Amino acid sequence: MLPLNLHHTAIAVRDLDGALAEVKRLYGLEPVSRERVEEQGVEEAMIPLGGSYLQLLMPLSAESPVGLFLAGRGEGIHHMALQVADIEAALAHLGAAGAELVDTTPRIGGGGHRIAFVHPRSLASTLVELVEVE
Ligand code: CO
């Protein structure tokens, strides 16, 4: 069940075009993909960085989870995503260990990966996403 890698670190932003331009201007990094994930209410861009990605997240509406995050906490790190090989096994392990699961069964996230979230109450107010990559 152990995570294999850091899959991505996600930053919530208000202006995705502006944030992408700053990432390119300051760090010379460019995205490999950009997509709207309607089910999560976000538009997201994935920027390769070493063995993982920097993910920029922009809410599609003020009422979406990321929109509410921005209203409450402002721009900043929103979650970290851990890559796992078997997401059902990871969820079973975490549930048995007492973690508070936002998703008890996987859903489909960006890039078509199966994902699930673990509540921030389970680890230092930090939202953790599991991403299954075989
Ligand atoms: Co993510």
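The values are calculated or read from the model by the stated rules, or taken from the named source; none is laboratory data. On a predicted model such as this, the values are computed, not experimentally measured, just so you know. As a convention, Cβ positions derive from the backbone with ideal geometry for all residues, glycine included, and neighbour counts pool all protein chains shown.
For TYR27, only one of the following conditions fails: (1) within 12 Å of the chain's Cα centre (by Cα); (2) more than 18 Å from MET80 (Cα to Cα); (3) not polar (S, T, N, Q). What is its number?
(1)
Is there a residue in the stretch 18-32 that is under 21 Å from VAL133 (Cα atoms) and in contact with a helix residue (DSSP H, G or I) (Cβ under 8 Å, 6 or more places away or on another chain)?
Going residue by residue through the stretch 18-32, those that are under 21 Å from VAL133 (Cα atoms) are 31-32.
Then drop every residue that is not in contact with a helix residue (DSSP H, G or I) (Cβ under 8 Å, 6 or more places away or on another chain), which leaves 31.
Yes: one or more hits.
Of the residues that sit in the stretch 80-131 and are in contact with a Pro (Cβ under 7 Å, 6 or more places away or on another chain) and either under 24 Å from ARG36 (Cβ atoms) or among the hydrophobic types (A, V, I, L, M, F, W, C) (or both), which one is nearest to the ligand (Cβ to nearest atom)?
The extreme case among them is ILE115.
Please verify whether the stretch 2-18 includes one or more residues that are modelled with pLDDT of 95 or more, in contact with a strand residue (DSSP E or B) (Cβ under 9 Å, 6 or more places away or on another chain), surrounded by fewer than 15 Cβ atoms within 10 Å (Cβ to Cβ) and part of a loop (DSSP other than H, G, I, E, B).
Scanning the stretch 2-18 turns up at least one residue that is modelled with pLDDT of 95 or more, in contact with a strand residue (DSSP E or B) (Cβ under 9 Å, 6 or more places away or on another chain), surrounded by fewer than 15 Cβ atoms within 10 Å (Cβ to Cβ) and part of a loop (DSSP other than H, G, I, E, B).
Quick one: count up the residues across the stretch 9-30 that are more than 20 Å from GLY67 (Cα to Cα), in contact (Cβ under 8 Å) with a residue 24 or more places away in the chain and not β-branched (Val, Ile, Thr).
Number satisfying all stated conditions: 1.
Which one of these is part of a strand (DSSP E or B) and surrounded by fewer than 19 Cβ atoms within 10 Å (Cβ to Cβ): ILE47, ILE77?
Answer to the check: ILE77.
Would you call GLU63 surrounded by fewer than 17 Cβ atoms within 10 Å (Cβ to Cβ), part of a loop (DSSP other than H, G, I, E, B), charged (D, E, K, R) and more than 17 Å from the chain's Cα centre (by Cα)?
Numbers: surrounded by fewer than 17 Cβ atoms within 10 Å (Cβ to Cβ): yes; part of a loop (DSSP other than H, G, I, E, B): yes; charged (D, E, K, R): yes; more than 17 Å from the chain's Cα centre (by Cα): yes.
So GLU63 passes the test.
Which of the residues belonging to the stretch 32-44 are of a type outside the set (D, E, K, R) and either in a helix (DSSP H, G or I) or without any contact (Cβ under 8 Å) to a residue 24 or more places away in the chain (or both)?
Within the stretch 32-44, VAL32, GLN40 qualify.
Please specify each residue of the stretch 5-64 satisfying the condition of being under 16 Å from HIS79 (Cβ atoms), away from the ligand (no atom under 13 Å from the Cβ) and polar (S, T, N, Q).
If the condition is that a residue be under 16 Å from HIS79 (Cβ atoms), away from the ligand (no atom under 13 Å from the Cβ) and polar (S, T, N, Q), then ASN5, SER64 are the ones that fit.
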